[in-house]
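The values are calculated or read from the model by the stated rules, or taken from the named source; none is laboratory data. The structure displayed is predicted, hence computed values, not measured ones. Here Cβ is always computed from backbone atoms with ideal geometry, including for glycine, and neighbour counts include all displayed protein chains.
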Amino acid sequence: MKKILFAFAFLFVTATITAQTEEELKATLATKKDSIAAIQGRADAIQAQIDGLPGWRTGAFGTIGGSLSNFSNWYAQGVPNNSSGNIGVTANVFANLQQEKFFWRNSLTANFAWVKLDDKDIDTDEEGFTGTTDVFNISSLYGRKLSEKWAVSGLMEYRTTVLNNFNDPGYLDLGVGATWTPVQNLVVVIHPLNYNFVFADNDAVFQSSLGAKIVADYTRQIGAVGFKSNLSMFQSYESGDLSNWQWTNTFTYTLWKMIGVGFDFGLRNNAQEALNYELTTLGNTGATFDNIDNDLQSFWNIGLSYAF
């Protein structure tokens with residue numbers, strides 16, 4: 001009986017000590033986390049001061065995702081002999097000049113993806129990779145500072161596809177107005193005077209026009225997490241059918257050194273592209289701006305990321 005009581009007492013004391021030790025460790029961990037947050041806050045403040053100094057700031061980051069597969073005599077599926085794959089690449093490059101009285105911000109964003117499905121039992125199907133996602137944007141923004149947060153600015157932005165139908169269509173925006181930088185890392189461009197040049201073979205659908213341009217760009221790095229969000233909108237003064245907008249986003253998480261995981265997604269709306277697709281690809285000769293479904297365009301890509 002004494003042995004049983006002694007065993008219970010021993011287990012009780014052990015459990016109490018363990019509970020106390022766990023609580024102590026949790027309290028210590030909370031203190032360390034608070035210390036890390038304070039250190040990160042001071043580091044961010046110093047980085048903000050560095051970013052505000054005159055001179056060039058350059059950088060690049062991106063995402064690479066993909067998979068390859070090969071099947072031979074895999075009878076359980078409908079195509080027993082095939083090779084397939086998909087590859088996606090996203091690149092974001094920037095070069096920004098900051099001076100006391102002016103700034104010059106330049107950026108390039110590219111997102112490409114290829115897929116293939118080669119049925120080895122069919123000689124007439126496509127054996128190589130076919131381009132799917134195809135986004136290419138380049139912009140240059142110059143601003144003459146009026147105050148800490150406002151500047152008179154001019155913008156050049158060019159958007160097109162590269163893998164298929166280069167510059168068909170292509171969009172070139174040239175405009176002037178104001179740029180607002182309310183907080184660190186956020187740039188908002190408001191240009192009420194902007195001309196949207198549209199380059200395309202089908203002049204009956206794609207038309208250039210005068211309108212307003214709004215661009216919002218937010219880029220930030222917080223520890224191992226980096227993200228960039230860019231919204232580009234054009235509102236035509238001639239017709240809503242000539243307006244368009246595009247929103248792209250990139251998220252990266254660094255796992256080891258400069259290597260991590262990345263996720264990209266984008267949304268787009270363009271009635272001219274929707275009408276051209278109905279007329280040329282689907283062969284709907286009766287399609288007009290009034291009777292087509294201008295569906296929301298979208299893409300996403302996930303994979304390994306590399307920043308430098």
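Taking segment 189-218 as the search range and keeping residues that are among the charged types (D, E, K, R) and surrounded by 15 or more Cβ atoms within 10 Å (Cβ to Cβ), which one is farthest from GLU157 (Cα to Cα)?
ASP217
Give just the number: which of (1) in contact (Cβ under 8 Å) with a residue 24 or more places away in the chain; (2) touching a strand residue (DSSP E or B) at 6+ places or on another chain (Cβ under 6 Å) does ASN81 not satisfy?
(2)
For segment 211-241, what are the residues that are modelled with pLDDT under 95, of a type in the set (Lys, Arg) and under 21 Å from VAL135 (Cα atoms)?
Listed by number, the list holds a single entry, LYS228.
Filter segment 145-179 down to residues that are in a strand (DSSP E or B) and surrounded by fewer than 16 Cβ atoms within 10 Å (Cβ to Cβ), then give me how many there are.
5
Specify which of the listed residues (GLN297, GLN246) is touching a residue at least 60 places away in the same chain (Cβ under 8 Å) and not hydrophobic (A, V, I, L, M, F, W, C).
One residue alone meets the criteria, GLN246.
Could you check segment 216-228 and list, in sequence order, the residues that are within 20 Å of ALA60 (Cβ to Cβ) and either in a strand (DSSP E or B) or touching a helix residue (DSSP H, G or I) at 6+ places or on another chain (Cβ under 6 Å) (or both)?
ASP217, TYR218, THR219, ARG220, GLN221, ILE222, VAL225, GLY226, PHE227, LYS228
Cβ-Cβ under 6 Å, sequence separation 6+ or interchain: first residue in segment 253-265 and within 19 Å of ALA110 (Cα to Cα), partner among the charged types (D, E, K, R) and at pLDDT 85 or above. Which pairs?
none
Run GLY283 past the list (1) farther than 27 Å from VAL188 by Cβ; (2) part of a strand (DSSP E or B); (3) of a type in the set (Gly, Ala, Ser) and report the number of the one that doesn't hold.
Every listed condition holds for GLY283 apart from (2).
What pairs come out if I take residues in segment 104-126 that are exposed (fewer than 14 other Cβ atoms within 10 Å of the Cβ) and pair them with residues that are part of a loop (DSSP other than H, G, I, E, B) whose C-beta lies under 9 Å away, six or more apart or interchain?
ASP121/VAL79; ASP121/PRO80; ASP121/ASN81; ILE122/VAL79
Got a sec? Which of THR90, THR133, THR124, THR109 is β-branched (Val, Ile, Thr) and in a loop (DSSP other than H, G, I, E, B)?
Checking each option against the conditions leaves just THR124.
Output yes when any residue across segment 230-242 is acidic (Asp, Glu), farther than 20 Å from ALA110 by Cα and free of Cβ contacts under 8 Å to residues at least 12 places away in the same chain, and no when none is.
no
Could you check LEU231 against (1) crowded, with 20+ Cβ neighbours inside 10 Å; (2) part of a strand (DSSP E or B); (3) of a type outside the set (Val, Ile, Thr) and say which number it fails?
(1)
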